[in-house]
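Asks: Sharing a structure with you now.
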Amino acid sequence: MKRFVIFSISASFFAMCWMRDLFVRLVGRERPGRCVVLYYHAVPENRRAQFEKQMDDVVRLVEPAPADRTWPLPAGKHYAVVTFDDGYRNILTNALPLLKAKGIPSTIFIVPGMLGLCPELRDKSTHSVEDRMVMSMEELQEIASDLVTVGSHSLTHPFLPRLTAKEARCELSESRRLLETILQKPVRLFCFPYGACNEELFCLCHEAGYERVFTALPQWKISNASEFVTGRVRVDPTDWRLEFRLKLLGAYRWLPMAVEMKRRILRKHAETPTSHAIAPNL
């Protein structure tokens, strides 16, 4: 039910944005360039065909772009970035060959401490031990190419806001150091485990030498070359076809505003004196 409600609101939001863009074009103005960053976790074998259809939509509806893009977005253009979290082995067999065939660049965010293991992360896109197997160090060394970029996803996949500053620094710097040792090339990108982040962690990432970090908030992003914090929208091979297209076209970017509004309401409610928090029974 919740999924359908979010889908319905997103469809309405997209319709309003489409009408606004139409008006902008009618008055002779160009809308600014836009970019959506998608993130997957696993792509199991039984979902390969659905994933391929989604990548067909990426090629047909937008222009694929790399996650480390540093040049400005041309006006009127719509781009999409494809990323994967955790480095599951099924990405090697079920996703990367399709992406290579279609010329779509991608970024895989790796947790060095999970390489070659089967972690109990319990992501909704994994349903078996095979789905949860993470690629090995040797497999990671083989995938780096012009179309595949490797970023860090922390050292052990903790909930970073709960760590001390010293522990967080270790997670950020050690993961980058190990990946650069394995790959023999710079690692400049980072994404937060569980999407959990705050301003202090942004500063620590900057100190650790990352050039761009990724959150789990679905927003228009990579709007300028110097952008450091970039939002993403979660997608899965099991997404409805129209649901995926709406995410691809930026229709889910209203969610961060709704989340922030909910937080403010809850904060205001918590600050209200107890005597006024509950309405009397009349």
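The values are calculated or read from the model by the stated rules, or taken from the named source; none is laboratory data. This structure is a prediction, so every number in the text was calculated from the model and none was measured. Here Cβ is always computed from backbone atoms with ideal geometry, including for glycine, and neighbour counts include all displayed protein chains. Note: areas computed on protein heavy atoms with side chains; ligands, DNA, RNA excluded. Shrake-Rupley method; radii C 1.70, N 1.55, O 1.52, S 1.80 Å.
Asks: Under the rule of -39500 (n - 2.57) per DSSP H run of 4 or more residues, summed and divided by the residues of the chain, what mean residue ellipticity at 222 nm is obtained, to the nearest 500 deg cm²/dmol? Display every interim value, and only then the final one.
Replies: Numbers: 11 runs with 120 residues, N = 282.
Rounded to the nearest 500, the figure is -13000 deg cm²/dmol.
Asks: For the stretch 66-74, just list the computed ³J(HN,Hα) in residue order, Karplus coefficients 6.51, -1.76 and 1.60, θ = phi - 60°, integers in Hz, with x standing in for Gly and Pro.
Replies: Residue by residue, the stretch 66-74 yields x, 5, 9, 4, 10, 9, x, 7, x Hz.
Asks: How large is the accessible surface of Asp236 in square angstrom, using a 1.4 angstrom probe and rounding to the nearest 10?
Replies: Approximately 10 Å² for this residue.
Asks: Also, I was wondering about something else. Using a 1.4 Å probe on the protein chains only, how many percent of the accessible area of the stretch 7-166 belongs to carbon and sulfur? Provide the component values of the computation, followed by the final result.
Replies: Details: 4350 of 7660 Å².
Answer for the stretch 7-166: carbon and sulfur cover 57 percent of the accessible area.
Asks: Further question on the same structure: Shape call for the stretch 47-92 from the C-alpha gyration tensor, a ≥ b ≥ c root eigenvalues: rounded (a/c under 1.5), prolate (a/b greater than b/c) or oblate? List each step's numbers first, then the result.
Replies: Details: a/c = 4.68, a/b = 1.50, b/c = 3.11.
Cα axes put the stretch 47-92 in the oblate bin.
Asks: Moving on to the next point. Quick one: putting +1 on the C-beta of Lys and Arg, -1 on the C-beta of Asp and Glu, what dipole do you get for the stretch 1-126 around its Cα centre, in Debye to the nearest 20?
Replies: Working: 18 positive and 12 negative charges, 83 e Å.
The dipole magnitude comes to about 400 debye.
Asks: Mind jotting down the distance between the C-alpha centroids of the stretch 231-254 and the stretch 137-160, whole Å?
Replies: 24
Asks: Per-residue accessible area for Glu171 at 1.4 Å probe radius, Å² rounded to 10?
Replies: 20
Asks: All other residues with a Cβ under 11 Å from the Cβ of Gly195 taken together, and with Lys, Arg as +1 and Asp, Glu as -1, what is their net charge? Intermediate values should be presented prior to the final figure.
Replies: Details: positive: Arg232, Arg234; negative: Asp85.
For residues surrounding Gly195, the net value is +1.
Asks: How big is the antiparallel share of DSSP beta bridges in the chain, given as a percent to the nearest 5? Before the final figure, lay out each step's value.
Replies: Numbers: 1 of 27 bridges.
Just about 5 percent of them are antiparallel.
Asks: Run the Debye formula on the Cα coordinates of the stretch 1-45, all scatterers equal and no solvent, and tell me log10 I(q)/I(0) at q = 0.18, 0.31, 0.33 1/Å.
Replies: Values returned for q = 0.18, 0.31, 0.33 Å⁻¹ are -0.78, -1.04, -1.06.
Asks: With a 1.4 Å probe and all protein chains in place, put Ser154, Ser128 in order of accessible area, largest first.
Replies: Values: Ser154 0, Ser128 45 Å².
In descending accessible area the options line up as Ser128, Ser154.
Asks: Moving to a separate point now. Just read off the accessible area of Val148 with the full protein assembly in place, 1.4 Å probe, to the nearest 10 Å².
Replies: Per-residue accessible area (Val148): approximately 20 Å².
Asks: Kindly report the accessible area of the stretch 129-263 per residue (heavy atoms of protein chains, probe 1.4 Å, no ligands, DNA or RNA), in Å². Mind dumping the intermediate values first?
Replies: On the way: 6470 Å² over 135 residues.
That works out to 48 Å² for each residue.
Asks: Filter Lys102/Lys124; Lys77/Lys102; Lys166/Lys247; Lys100/Lys247 down to the pairs with a C-alpha to C-alpha distance above 29 Å, please. List each step's numbers first, then the result.
Replies: Values: Lys102/Lys124 27 Å; Lys77/Lys102 19 Å; Lys166/Lys247 37 Å; Lys100/Lys247 22 Å.
Cα-Cα > 29 Å for Lys166/Lys247; rest within.
Asks: Moving on. Show Ile265, Ile91 ordered by accessible area, largest first, where the area counts protein heavy atoms only and the probe is 1.4 Å.
Replies: Values: Ile265 105, Ile91 0 Å².
Heavy-atom accessible area, descending, gives Ile265, Ile91.
Asks: Evaluate the charge dipole of the chain about its Cα centre and quote only its size in Debye, nearest 20, assuming +1 on the Cβ of each Lys and Arg and -1 on the Cβ of each Asp and Glu. Walk me through the intermediate numbers first.
Replies: Working: 39 positive and 32 negative charges, 243 e Å.
For the chain, the charge dipole is close to 1160 debye.
Asks: When the convex hull of the Cα atoms of the chain is projected onto a plane and the area is averaged over all directions, what value comes out in nm²? Don't jump to the answer; show the numbers that get you there.
Replies: Numbers: hull surface 74.7 nm².
Orientation-averaged projected area of the Cα hull: 18.7 nm².
Asks: If Lys and Arg each add +1 and Asp and Glu each add -1, what is the summed charge of the other residues whose beta carbon sits under 11 Å from the beta carbon of Ile110?
Replies: On the way: positive: Arg176; negative: Asp85, Asp86, Glu139.
Residues close to Ile110 contribute a combined charge of -2.
Asks: Over the stretch 1-72, with the other protein chains present, what is the accessible area per residue in square angstrom, probe 1.4 angstrom? Don't jump to the answer; show the numbers that get you there.
Replies: Working: 4300 Å² over 72 residues.
Result: 60 Å² of accessible area for each residue.
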